[in-house]
Amino acid sequence: MKVLILGGTGEARSLAAALVERPDTEVVSSLAGRVRNPKLPVGDVRVGGFGGPEGLADWLTAEQVDAVVDATHPFAQRISASAAEAARRSGVPLLMLRRPGWSARPGDDWHWVDDLPAAARLLPTLGERVFLTTGRQGLAEFADCPGWFLVRCVDAPEPPMPTETHLLLDRGPYTVDGERALLTEHRIDVLVTKDSGGALTVAKLDAARDLDLPVVIVRRPPTPDVEQVPTVAEATTWLTRVPRSRH
């Protein structure tokens, strides 16, 4: 059985590690190549795009792939849409592996918005010193915002970005104590993030709760109408049900 795993998330790496232990399974992990030094999964790795849904469909057919698991980031909307269309064109079964989003707890002061522009519009009403953790690709949406920004991302971003920006290049996981110290050191009064879910970066939300800080959270975009599971274990179970006689 040949499986294509899309994405460089922790779930994608865990799934690849589980599947390579099976003697009857060949695994290929595909990374978009947007992170300079990504954490690589075990097994075969492919870096770069496929040329849209048509290119991916052709690749799936040419490589005789039996199943695709979309384990990309919850905000990788374009890749997920492309995967769904490619699966439809090629007839290859597709599963979406998505970790659950975050849920508010007592003491949280969360403000939900639909996208980054909405977050930028809301910010001036909540604080002047911002901890921005939405990734490097959306910084242009905050370029005209007043205030001071602590921007944390894995790779250095390109302008435009907020005028008063302190850049912090770092990669999770993070601890609550470390996040609380960071928020206190930079006198942060509002946090902005996406609803990425998972444990890797949740510590910032716990720290914000401890310090009574408001948090602006961007909702996840809609997903394609495909089967979806929240855990690696459920994804591996799904793969056992995929027919192995397509080729």
Highest to lowest packing among 149-161, 217-229, scored as the average C-beta count within 10 Å: 149-161, 217-229
Option label - Cα Rg over 2.2 N^0.38 Å computed here, alternatives (i) 1.52; (ii) 1.28; (iii) 1.09: (iii)
Eligible lysines near residue 204 by straight Cα distance, threshold 27 Å, same-chain separation 8 or greater: 39, 194
Relative packing of peptides 111-121, 12-22 - highest average C-beta neighbours within 10 Å first: 12-22, 111-121
Fraction of antiparallel bridges per DSSP, the chain only, in percent to nearest 5: 0
Segment 147-210: Cα Rg divided by the 2.2 N^0.38 Å rule of thumb: 1.12
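Each value in this text was obtained by applying a stated rule to the coordinates, not by laboratory testing. Treat the numbers as computed from the prediction; the structure is a model and nothing was measured. Note that we place each Cβ from the backbone using ideal geometry, even for glycine, and neighbour counts take in every protein chain shown.
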